[in-house]
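**Student:** My questions all concern the structure below.
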Amino acid sequence: MPKDLIDLASLGAAGIERILERARELRQLPRAERERLCAGRELVHLFLEPSTRTRISFELAARRVGARVIDFDGDASSLRKGESLSDTIRTIEAMEVDGFVLRHGEDDMPRQVAEIAAGAVINAGAGTTAHPTQGLLDRLTLEEELGDLAGRRIAIVGDVRHSRVAASDVVALSLAGAQVHLVAPPELQRESVPDGVERGAELDPLLPELDAIVMLRIQRERIREEVSLDLDGFVERYQLHAERLGRMPDGAVVLHPGPMNRGVEISDAVADGPRSRIHDQVRHGVEVRAAVLEHCLDGPR
Amino acid sequence: MPKDLIDLASLGAAGIERILERARELRQLPRAERERLCAGRELVHLFLEPSTRTRISFELAARRVGARVIDFDGDASSLRKGESLSDTIRTIEAMEVDGFVLRHGEDDMPRQVAEIAAGAVINAGAGTTAHPTQGLLDRLTLEEELGDLAGRRIAIVGDVRHSRVAASDVVALSLAGAQVHLVAPPELQRESVPDGVERGAELDPLLPELDAIVMLRIQRERIREEVSLDLDGFVERYQLHAERLGRMPDGAVVLHPGPMNRGVEISDAVADGPRSRIHDQVRHGVEVRAAVLEHCLDGPR
Amino acid sequence: MPKDLIDLASLGAAGIERILERARELRQLPRAERERLCAGRELVHLFLEPSTRTRISFELAARRVGARVIDFDGDASSLRKGESLSDTIRTIEAMEVDGFVLRHGEDDMPRQVAEIAAGAVINAGAGTTAHPTQGLLDRLTLEEELGDLAGRRIAIVGDVRHSRVAASDVVALSLAGAQVHLVAPPELQRESVPDGVERGAELDPLLPELDAIVMLRIQRERIREEVSLDLDGFVERYQLHAERLGRMPDGAVVLHPGPMNRGVEISDAVADGPRSRIHDQVRHGVEVRAAVLEHCLDGPR
């Protein structure tokens, strides 16, 4: 039976572990064997917000397990002719499509689509609340680096309030037993967080204790308009540069979900330096998404 | 030798029956066997009018028989650089492409392209005169439901004048021996119809005798501007709602080519109710198009 | 190891010959065997300038050798979010993509991307300096027609200054020993050319000695604005029409990279006449690109 991936809390600790384990196993599989796992399955990309890297990552992941993708062009679509999302989903599904990969600006949309659709619905990022495959790939990246995350201290820094990456990382890392710190100026901080997650406005005092740091993208224009952020002050207090990195323990690593604003939340030296695991994140993204697709689709057709 | 599908009249009664029969047979074929039917064939999608559902339906149909599609992006294309359609077609064909699936605003374009192209040309909807695969899928849907259509009474209701669906349904259903009624206010009625097809402005008197009804999409903006339709009056006289459906015989079914304007030509209760065959139409669309592609392409490459 | 194709001078005479030879061999290979050559390889299309024919040609070429293409939609992309090209390339590559096919307005971009990318980088046309696969396909077309090109006289006529086709043809044909003439009014002539290439403003005196002529596209708007070309005068002096063609030797052939401006640089009668090899060029384009992809990618994955 097809399964959905709407958020990580619903997937649960055991579900997350199974997918990460499977992502590691898929690395060893010969190509021909991998491509039989979901052979003949048809996925529809419903990317109603622009996204290059996630779209391409999911498409490559689909190919790895033998599934095929059709791009639904939101712009040139029936939606423009006034058709409801529900009719669009049901119509596409009547074509015997096996699942949807959905990117949308609204938090609740993946759940709404999942209620309509009989096939798999995979949340590829929605609103500010969930980007579950990013949470999975960040956790895989950290586990590859640090092993068991129980007791590890990990800071997520920057525009925590608007970041679906932060939201999913909190769940993925907390369920692994890590101590997560959300670090942001008050106007970019989350209003509520799960028990056990710490919030603060200061990065510097945390640095010597961190095993890893996830720097978030600052969406300049949006932030200036909506919260009148003092960008220079932000850079001064939070930018991860070589000097700050030097105050972190040996072996600590740096993540960033991309795309980066070099010179804002992260310096060139750190982004391109030996502690950066930014490209590993991208590589693990395809691995994790292939495992998610295998999990959500129901074997080959 | 490659064959074209420009309109249903040219395909003829026997040709239509062969394709519908083949569409039913393809359901039984194992995937691997199906995908050998047109393996290695390359199709080009020339969708010069936006269409999501038909484009996706043809792409899925192509995959079912092992053919592959390339999207010709009309916007970013040589056409913008002033190249003639004829040079564009000949150029693409010189790349050893096997056929074109064409959607265009002008009635005559598929025939013009077919005169230029050596490969298969398949009309995926043109102007207001032909949408042959829609005619085929509507007929398949009705035959699955009602069996032999000879003597059956079927109404096509709404903007008959501008509807290529109506045009192709008239041919497909008349050739099956059905009695077709085109029902529309005078300003939306066709000026001429084939012998044996009935036209009228009244829906209600017909209801008790109908075996099926095809509700057409009202293109609100366009209709208000071009023919200054009284939309409230239209809804009052023609909308298919539960009460009107109740006056149709038991076993009568409801079709709509989509996308629907719920609350205009059809009510929610009817669209989502037990007599609706709207999702069957979509499913049969892929089946019929797979059979059309097999018919028009010339086996595997 | 993956290889780049940035320009033909770097590929060299022997490299060019190997690719053309391989393009001819691939014609004989059964489809299943061909599609194993680069099976599982993933290419990314980075077409940052619109191009239909080249994009489709590369995609069909990729399929011929079993590689798969992902379109990077430059418009809806991370580039819009301010990400550097370098970060975009490195990110896509971290997804274990095997190569890029790049079309760009700037001369130097393919070389810059090749410095960043670990995988293959194939120049599908950049700025005004290089379009190497066009050079290869023009040479293949001429060799099929004329055999060994040593000592053959070939004119390239029209907007030589802005034409990357002219730039690559000069290299491809000169390395084969042909005598190349660049023919253009002074304002459309190249400022410098390799040794041995001749330049002139007069077409008519050359006609009786030419074995082949390559007519270039006049980009009307651009040329009128930038160099205030007298278009009527251009047509008068350079258009290849039946009368001019009649003054060329028997067996001489006509090429054009397309899209054509019929009635400007070429007349209908010549474009569609028996000496035109314009469709052969297109066919050879796919053949040559398949051989280039096999050369640049490193066998199947």
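**Student:** Got a sec? Which of C:Arg41, C:Arg34, C:Arg68 is over 16 Å from the mean Cα position of the chain (by Cα) and under 23 Å from B:Leu46 (Cα atoms)?
**Tutor:** Numbers: C:Arg41 fails: under 23 Å from B:Leu46 (Cα atoms); C:Arg34 fails: under 23 Å from B:Leu46 (Cα atoms).
Exactly one residue qualifies, and that residue is C:Arg68.
**Student:** With the structure loaded, tell me whether B:Asp268 is over 24 Å from B:Leu173 (Cβ atoms) and in contact with a strand residue (DSSP E or B) (Cβ under 6 Å, 6 or more places away or on another chain) or whether it fails that test.
**Tutor:** Details: over 24 Å from B:Leu173 (Cβ atoms): yes; in contact with a strand residue (DSSP E or B) (Cβ under 6 Å, 6 or more places away or on another chain): yes.
In short, yes.
**Student:** Another question, then. Would you tally the residues in segment C:208-229 being surrounded by 13 or more Cβ atoms within 10 Å (Cβ to Cβ) and within 15 Å of C:Glu265 (Cβ to Cβ)?
**Tutor:** 11
**Student:** Sort out which residues of segment A:166-187 are under 21 Å from A:Phe234 (Cα atoms) and in contact with a Gly (Cβ under 7 Å, 6 or more places away or on another chain), and write them in order of number.
**Tutor:** Scanning segment A:166-187 gives A:His181, A:Val183, A:Ala184.
**Student:** Further question on the same structure: Could you pull out the residue among C:Glu59, C:Glu96, C:Glu106 that is over 24 Å from C:Arg283 (Cα atoms) and under 22 Å from the mean Cα position of the chain (by Cα)? Walk me through how you get there before you give the answer.
**Tutor:** On the way: C:Glu59 fails: over 24 Å from C:Arg283 (Cα atoms); C:Glu96 fails: under 22 Å from the mean Cα position of the chain (by Cα).
From the options C:Glu59, C:Glu96, C:Glu106, the qualifying one is C:Glu106.
**Student:** Go through segment C:86-123 and give me each residue that's under 17 Å from A:Ile56 (Cα atoms) and either away from chain A (no Cβ under 14 Å) or charged (D, E, K, R) (or both).
**Tutor:** Passing the criteria: C:Asp87, C:Arg90, C:Glu93, C:Glu96, C:Asp98, C:Val101, C:Leu102.
**Student:** Could you please give the count of residues in segment C:164-184 that are in a loop (DSSP other than H, G, I, E, B) and either within 13 Å of the chain's Cα centre (by Cα) or within 21 Å of C:Gly127 (Cα to Cα) (or both)?
**Tutor:** Initially, segment C:164-184 is screened for residues in a loop (DSSP other than H, G, I, E, B), giving C:176-178, C:184.
Checking the rest, the ones that are also either within 13 Å of the chain's Cα centre (by Cα) or within 21 Å of C:Gly127 (Cα to Cα) (or both) come to C:184.
Total satisfying the criteria: 1.
**Student:** Let me ask another. Considering only residues that are among the charged types (D, E, K, R) and crowded, with 17+ Cβ neighbours inside 10 Å, look in segment C:23-42 and name the one that is nearest to C:Asp298 (Cα to Cα).
**Tutor:** Of all residues in segment C:23-42, those among the charged types (D, E, K, R) come to C:24-25, C:27, C:31, C:33-36, C:41-42.
Next, from what is left, pick out any that are crowded, with 17+ Cβ neighbours inside 10 Å: C:34-35, C:41-42.
Numbers: C:Arg34: 14, C:Glu35: 14, C:Arg41: 9, C:Glu42: 11 Å.
In this case the residue turns out to be C:Arg41.
**Student:** Can you name the number of the only condition in (1) closer than 22 Å to C:Asp298 by Cα; (2) at pLDDT below 95; (3) of a type in the set (Ser, Thr, Tyr) that C:Ser78 fails?
**Tutor:** With (1) closer than 22 Å to C:Asp298 by Cα; (2) at pLDDT below 95; (3) of a type in the set (Ser, Thr, Tyr) applied to C:Ser78, the lone miss is (1).
**Student:** Report the residue count in segment C:284-301 for those that are in contact with an Asp or Glu (Cβ under 8 Å, 6 or more places away or on another chain), at the interface with another protein chain (Cβ under 8 Å from one of its Cβ atoms) and crowded, with 20+ Cβ neighbours inside 10 Å.
**Tutor:** 1
**Student:** Check C:Gly151, C:Gly135 and return the single one that is part of a loop (DSSP other than H, G, I, E, B) and more than 14 Å from every other protein chain (Cβ to nearest Cβ). If you could, list the steps in order and put the result at the bottom.
**Tutor:** Details: C:Gly135 fails: part of a loop (DSSP other than H, G, I, E, B).
Result of the check over C:Gly151, C:Gly135: C:Gly151.
**Student:** Please indicate, with yes or no, whether at least one residue in segment C:275-282 is farther than 30 Å from C:Glu35 by Cβ and out of contact with any Phe, Trp or Tyr (no Cβ under 7 Å at 6 or more places or on another chain).
**Tutor:** Step one: list which residues in segment C:275-282 are farther than 30 Å from C:Glu35 by Cβ, which gives C:275-276.
Subset that is out of contact with any Phe, Trp or Tyr (no Cβ under 7 Å at 6 or more places or on another chain): C:275-276.
Yes, segment C:275-282 contains a residue that is farther than 30 Å from C:Glu35 by Cβ and out of contact with any Phe, Trp or Tyr (no Cβ under 7 Å at 6 or more places or on another chain).
**Student:** Further question: Could you say whether any residue in segment B:240-257 is assigned to a helix (DSSP H, G or I) and either in contact (Cβ under 8 Å) with a residue 40 or more places away in the chain or closer than 30 Å to C:Pro30 by Cβ (or both)? Please lay out each step first, then the result.
**Tutor:** Within segment B:240-257, the subset assigned to a helix (DSSP H, G or I) is B:242-246.
From what's left, either in contact (Cβ under 8 Å) with a residue 40 or more places away in the chain or closer than 30 Å to C:Pro30 by Cβ (or both): B:244.
Yes, segment B:240-257 contains at least one residue that is assigned to a helix (DSSP H, G or I) and either in contact (Cβ under 8 Å) with a residue 40 or more places away in the chain or closer than 30 Å to C:Pro30 by Cβ (or both).
**Student:** Then there is this: Taking the options C:Arg217, C:Arg161, C:Arg190, name whichever one is in a loop (DSSP other than H, G, I, E, B), within 16 Å of the chain's Cα centre (by Cα) and more than 26 Å from C:Arg283 (Cα to Cα). Talk me through it step by step, then tell me what you get.
**Tutor:** On the way: C:Arg217 fails: more than 26 Å from C:Arg283 (Cα to Cα); C:Arg190 fails: within 16 Å of the chain's Cα centre (by Cα).
After ruling out the rest, the residue left standing is C:Arg161.
**Student:** Identify, from the list B:Arg24, B:Arg68, the residue that is modelled with pLDDT of 95 or more and either more than 30 Å from C:Leu29 (Cα to Cα) or acidic (Asp, Glu) (or both).
**Tutor:** B:Arg24
**Student:** Working carefully through the options C:Ala9, C:Ala13, C:Ala61, find the one that is more than 10 Å from chain A (Cβ to nearest Cβ), in a helix (DSSP H, G or I) and within 25 Å of B:Gly40 (Cβ to Cβ).
**Tutor:** Checking each option against the conditions leaves just C:Ala61.
**Student:** A follow-up question, please. Can you find a residue in segment C:252-261 that is out of contact with any Asp or Glu (no Cβ under 9 Å at 6 or more places or on another chain) and either of a type in the set (Phe, Trp, Tyr) or at pLDDT below 95 (or both)?
**Tutor:** No; the residues of segment C:252-261 include none that is out of contact with any Asp or Glu (no Cβ under 9 Å at 6 or more places or on another chain) and either of a type in the set (Phe, Trp, Tyr) or at pLDDT below 95 (or both).
**Student:** Quick check on segment C:244-274: of everything there that is surrounded by 12 or more Cβ atoms within 10 Å (Cβ to Cβ) and acidic (Asp, Glu), which residue is farthest from B:Arg90 (Cα to Cα)?
**Tutor:** Among those that are surrounded by 12 or more Cβ atoms within 10 Å (Cβ to Cβ) and acidic (Asp, Glu), it is C:Glu265.
**Student:** So, in segment C:244-292, how many residues would count as being over 24 Å from B:Ser86 (Cβ atoms) and more than 15 Å from the chain's Cα centre (by Cα)?
**Tutor:** 7
**Student:** May I ask you to list the residues in segment C:163-193 that are closer than 22 Å to C:Gly147 by Cα, in contact (Cβ under 8 Å) with a residue 40 or more places away in the chain and buried (at least 24 other Cβ atoms within 10 Å of the Cβ)?
**Tutor:** C:Val165, C:Ala166, C:Ser168, C:Asp169, C:Val171, C:Ala172
**Student:** Which numbered condition in (1) more than 22 Å from B:Arg301 (Cα to Cα); (2) at pLDDT below 95; (3) crowded, with 22+ Cβ neighbours inside 10 Å is the only one that B:Glu49 fails?
**Tutor:** If we test B:Glu49 against (1) more than 22 Å from B:Arg301 (Cα to Cα); (2) at pLDDT below 95; (3) crowded, with 22+ Cβ neighbours inside 10 Å, just (3) comes out false.
**Student:** Identify the single condition in (1) surrounded by fewer than 20 Cβ atoms within 10 Å (Cβ to Cβ); (2) within 23 Å of the chain's Cα centre (by Cα); (3) not polar (S, T, N, Q) that C:Leu85 does not satisfy, given that it satisfies every other one.
**Tutor:** Tallying (1) surrounded by fewer than 20 Cβ atoms within 10 Å (Cβ to Cβ); (2) within 23 Å of the chain's Cα centre (by Cα); (3) not polar (S, T, N, Q), C:Leu85 fails exactly one: (2).
**Student:** A further question follows. Among the residues of segment B:98-143, write down those that are surrounded by fewer than 24 Cβ atoms within 10 Å (Cβ to Cβ) and among the aliphatic types (A, V, I, L, M).
**Tutor:** Across segment B:98-143, the qualifying residues are B:Met109, B:Val113, B:Ala114, B:Ile116, B:Ala117, B:Ala118.
**Student:** Turning to a different aspect of this structure: Could you list, in sequence order, all residues of segment B:16-38 that are small (Gly, Ala, Ser), free of Cβ contacts under 8 Å to residues at least 40 places away in the same chain and either in contact with a Leu (Cβ under 7 Å, 6 or more places away or on another chain) or more than 12 Å from every other protein chain (Cβ to nearest Cβ) (or both)? Break it down into steps so the answer makes sense when it comes.
**Tutor:** First, pick out the residues of segment B:16-38 that are small (Gly, Ala, Ser): B:23, B:32.
With the extra rule that they be free of Cβ contacts under 8 Å to residues at least 40 places away in the same chain, the set shrinks to B:32.
None - no residue of segment B:16-38 is small (Gly, Ala, Ser), free of Cβ contacts under 8 Å to residues at least 40 places away in the same chain and either in contact with a Leu (Cβ under 7 Å, 6 or more places away or on another chain) or more than 12 Å from every other protein chain (Cβ to nearest Cβ) (or both), so the list stays empty.
**Student:** Restricting segment C:220-263 to residues that are of a type outside the set (A, V, I, L, M, F, W, C) and touching a Lys or Arg at 6+ places or on another chain (Cβ under 8 Å), which is farthest from C:Glu145 (Cα to Cα)? So that I can check it myself, show each step before the final result.
**Tutor:** Going through segment C:220-263, the residues of a type outside the set (A, V, I, L, M, F, W, C) turn out to be C:220-222, C:224-226, C:228, C:230, C:232-233, C:236-239, C:241, C:243-244, C:246-247, C:249-251, C:256-259, C:261-263.
Of the ones still in play, those that are also touching a Lys or Arg at 6+ places or on another chain (Cβ under 8 Å) are C:256-259, C:261.
Values: C:His256: 15, C:Pro257: 16, C:Gly258: 19, C:Pro259: 22, C:Asn261: 24 Å.
So the residue we want is C:Asn261.
**Student:** Let me spell it out: the conditions are (1) of a type outside the set (S, T, N, Q); (2) on the phi < 0 side of the Ramachandran plot; (3) in contact with a Lys or Arg (Cβ under 7 Å, 6 or more places away or on another chain), and B:Ala269 meets all of them except one. Which number is the exception?
**Tutor:** (3) is the only condition that B:Ala269 fails.
**Student:** Can A:Arg90 be described as modelled with pLDDT of 95 or more and of a type in the set (Lys, Arg)?
**Tutor:** Working: modelled with pLDDT of 95 or more: no; of a type in the set (Lys, Arg): yes.
It is false that A:Arg90 is modelled with pLDDT of 95 or more and of a type in the set (Lys, Arg).
The values are calculated or read from the model by the stated rules, or taken from the named source; none is laboratory data. Because the structure is predicted, anything quoted here is derived from the model rather than measured. Virtual Cβ from ideal backbone geometry, glycine too; neighbours counted across all protein chains shown.
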